[in-house]
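Heads up: the structure comes next, in structure tokens.
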Amino acid sequence: MAGSFGYEASHYEVSMQMAELSLLPAVRAQPDAIVVADGTSCRHQIHDGAQREAVHLNQLLAGLQDSLNELAVEAGRIVGNREGEPGVLVDGLVESLHVLLLTLQDAVRSGGPDDLAVLQALTGDRSELMHSIRSRLLAATTMDGATREALLSAISLFERLVWLLRRYALLLAPAAGARAPA
């Protein structure tokens, strides 16, 4: 089904029956997943049938770009304090994102299951690690408030970027059973 087929009153029931065969149950089964649909009519059908907002792939990529820009701003706030832990932490976040973006590039270019598996493994849940880093920063007594605030913001942006990269990686997975758990 494509285009305005489902918008026509005479086709509405058939359109919804088709969507209920697999699309809408799959969307409902993953309430926390980002739903990506490139077609306008597909996004409307998902909204009407599953009460979920679907985004165009370009919106996901725009979110990634916006978050990268925000991270660059936060890293820039730490420029005056590049020595010691703040600089090491920001450099580590930036280098990690660089590796993740290169891995995403490899996965997109090759389409190979090994590259995709590496990307999915690298973007898995790291909430305990991030919590540990936050706790250490909050306990630091030698760091000024502005630097601490910039670092905490950078960590949150890093987590958002990894989450977006994970969503993108899951979109690249073949439809038949190769998806890793979100």
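Every number in this text was worked out from the coordinates using simple rules, so none of it is lab data. For clarity, every value in this text was computed on a predicted model and none was experimentally measured. Because the Cβ atoms are built from the backbone with ideal geometry, glycine has one as well, and the counts that use them run over all protein chains shown.
Over the alpha-carbon set of segment 75-178, divide Rg by the Kirkwood Rh and report the Rg/Rh ratio to two decimals.
Looking at segment 75-178, the ratio lands at 1.07.
Note down the magnitude of the dipole of the chain about its Cα centre, charges +1 on Lys and Arg C-beta and -1 on Asp and Glu C-beta and zero elsewhere, to the nearest 20 debye.
For this selection, approximately 160 debye.
Could you please rank Thr40, Thr141, Thr103, placing first whichever residue has the fewest other Cβ atoms within 10 Å of its Cβ?
Thr141, Thr40, Thr103
Test of understanding: what is the full-extension gain from Ser41 to Thr142, defined as 0.36 nm times their sequence separation minus their Cα-Cα distance?
So the extension gain works out to 30.8 nm.
Rounded to the nearest 500, what is the 222 nm mean residue ellipticity of the chain from helices alone, with -39500 (n - 2.57) per DSSP H run of 4+ residues and division by all residues?
Working: 8 runs with 127 residues, N = 182.
My calculation for the chain gives -23000 deg cm²/dmol from helical runs alone.
How large is the translational diffusion coefficient of segment 126-175 in µm² per second when you combine the Kirkwood radius over alpha carbon pairs with Stokes-Einstein at 25 °C and 0.890 mPa s?
Approximately 198 µm²/s, per Stokes-Einstein.
Going by C-beta contacts inside 10 Å, put Ser96, Ser67, Ser132, Ser127 in order with the fewest on the left.
Ser127, Ser132, Ser96, Ser67
At 4 °C and 1.567 mPa s, what whole-number value in µm²/s does Stokes-Einstein give for the translational diffusion of the chain, with Rh from the Kirkwood sum over Cα pairs?
Result for D is 69 µm²/s.
Treating segment 1-104 as a set of equal point scatterers at the Cα positions, no solvent, please give the Debye-formula log₁₀ I(q)/I(0) at q = 0.10, 0.13, 0.16, 0.21 Å⁻¹.
Listed by q, the Debye log ratios stand at -0.48, -0.65, -0.78, -1.05.
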